[in-house]
1. What nm distance separates the two modelled labels at K75 and S20, each placed 7 Å from Cα along Cα→Cβ?
2. Counting only helical runs of four or more DSSP H residues, what would the 222 nm mean residue ellipticity of the chain come to if each run contributes -39,500 (n - 2.57) and the total is spread over all its residues?
3. Using a 1.4 angstrom probe, figure out how much accessible area the chain has per residue, in square angstrom, rounded to the nearest whole.
4. Ignoring ligands, DNA and RNA, please state the percent of accessible area on the chain from carbon and sulfur, probe 1.4 Å.
5. With the crude spin-label approximation of a point 7 Å out along Cα→Cβ, what separation in nm comes out for E58 versus E38?
6. What distance in nm separates the simple spin-label points at I2 and Q68, each placed 7 Å from Cα in the Cβ direction?
7. Classify the chain from the C-alpha gyration tensor, please: rounded if a/c falls under 1.5, else prolate or oblate depending on whether a/b exceeds b/c.
8. If you restrict to DSSP beta bridges whose two residues both lie in the chain, what percentage is antiparallel, to the nearest 5?
Amino acid sequence: MIITIETEEKSYDIQADADSSIYNTLQILTERGMLPFEIEEIPHNIYSMRKKRKVSTEVSYRECGIHQGDILKIK
């Protein structure tokens, strides 16, 4: 599935497996220098624009109810 991850400065369209954890995606983006923080600073929650609430980064996209085309915002 394709999702969008937004920061204050940038937006990334990411292809992710629905059963992978959000944290794993954020870790990969951080390691590649695409996110403005270090691995130790990866947030435990991320804001879902569609659901209008924070969701845990510790579980999979499927477990959080994140679907194709959703936008996740790092605040």
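The values are calculated or read from the model by the stated rules, or taken from the named source; none is laboratory data. Note that the structure is predicted; figures quoted are calculated from it, not measured. Note that each Cβ is placed from the backbone with ideal geometry, even for glycine, and that neighbours are counted across all protein chains shown. Remember, those area values only see protein heavy atoms, side chains included, never the ligands or the DNA or RNA. Shrake-Rupley method; radii C 1.70, N 1.55, O 1.52, S 1.80 Å.
1. 2.6
2. Calculated mean residue ellipticity at 222 nm is -4500 deg cm²/dmol.
3. Heavy-atom SASA per residue in the chain reads 61 Å².
4. 46
5. That separation, rounded to one decimal, is 2.3 nm.
6. Each label point is offset 7 Å from its Cα along the Cβ direction, giving 1.0 nm.
7. In terms of gyration-tensor shape, rounded.
8. Roughly 80 percent of the DSSP beta bridges within the chain come out antiparallel.
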